[in-house]
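Here the structure comes first, spelled out in structure tokens, and everything after it is commentary.
The values are calculated or read from the model by the stated rules, or taken from the named source; none is laboratory data. Model, not experiment: these values are computed from the prediction. Heads up, the Cβs are rebuilt from the backbone with ideal geometry, glycines too, and the neighbour counts pull from every protein chain shown.
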Amino acid sequence: MSKRKQGEGSASRFQRKIKASSGNGGQPGPRGRSGTPDSGRGRRESGAGASGGEWLFGLHPVLAALANPDRQHISLVATTAGAAHLPSEIQPRPQIMEGEAIARRLPPGAVHQGVALCVAPLPEVSIEDVCAAAPDANALVVVLDQVTDPHNVGAILRSAAAFGAKAVVVTERHAPAVTGTLAKAACGGLEHIPLVRVTNLSRALDELAKLGYWRVGLAEEGAIPLAAMPSAPKIALVLGAEGSGMRRLTREHCDLLVRLPVSGPITSLNVSNAAAIALYAVSQRFGDARTNLARSHQSGGT
């Protein structure tokens, strides 16, 4: 299984052919008598591409997917204004069409910002692929127990990318499919953070424990606040669905339950908000640990 490559120059990232679904090599589509781009009326439109791919939409998801060497591109479409925001080195150029024609390819209400990209699914990865050989002294993984809303999972992917997590783990069932809606909420995070699907979450938590991860569950009845959590070099942060929270077996496979103390009139948080706060707190703990280690070396400690 190939690992995601990062740090490529912007010019090399985009030197991949993007096959237009119209079969015209990505050139602008047919124009009507008025000279305006083809509206695409009469085509079968949905969130899934005709070739079996999935449409990603919005500038951030599309740009991130174009820059991802592991992502196979099928068709790129854009309005004239949307194409102006795409890097000039993309070859061939996107198929130009009206915004309404793009919208008909997407789920109802999708905010496409003038660009959409039909892609093949990313290669599947396992927990061992992304977590076994973490080169960093500290490593963080997010585990979601039956979080089903694509907006929440996408937002968690975005936060995970922002705070340097290695992966987000979800269940095969009772988890959203990877769609343009999820990718839009992830704001490009889907291309940077592996989304690992597992059949049995309890076994996945056992595997993480064998790989050296300390499994920390976030729950209202947690024994201690997250800020008081003991330090650990590798942490698997476990969150449950809103309302029901983590299932019993998931709780039993956690090494510790912690809580996020709240003092205002609202006593609970959206799961994606809770995840963002917890990811920040853990990343700060990792930062403090690195600072203390550096100071120890500077003072001659071991």
Of all the helices (runs of 4 or more DSSP H) wholly in segment 59-129, which have at least 2 residues that are within 22 Å of the chain's Cα centre (by Cα)? 59-67
Can Leu157 be described as touching a strand residue (DSSP E or B) at 6+ places or on another chain (Cβ under 9 Å), part of a loop (DSSP other than H, G, I, E, B) and crowded, with 17+ Cβ neighbours inside 10 Å? no
Pairs only if they're at least six apart or on different chains, beta carbon under 8 angstrom, first in segment 234-253 and farther than 17 Å from Ile156 by Cβ, second outside any loop (DSSP other than H, G, I, E, B) and charged (D, E, K, R); list them, first residue then second. Arg247/Asp145; His253/Asp206; His253/Arg215
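Residues are listed down the side, and each one gets a yes or a no for (1) over 22 Å from Ala177 (Cα atoms); (2) touching a Pro at 6+ places or on another chain (Cβ under 8 Å):
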position	(1), (2)
Pro194	no, no
Asn200	no, no
Gly222	yes, no
Pro225	yes, yes
Lys234	yes, no
Asp255	yes, no
With the structure loaded, tell me whether Ala185 is under 16 Å from Pro61 (Cα atoms), in contact (Cβ under 8 Å) with a residue 40 or more places away in the chain and assigned to a helix (DSSP H, G or I) or whether it fails that test. no
Residue check, Arg93 against (1) modelled with pLDDT of 95 or more; (2) crowded, with 17+ Cβ neighbours inside 10 Å; (3) not assigned by TED's automatic domain parsing to the domain that holds Ser231, all met but one. Which one? (1)
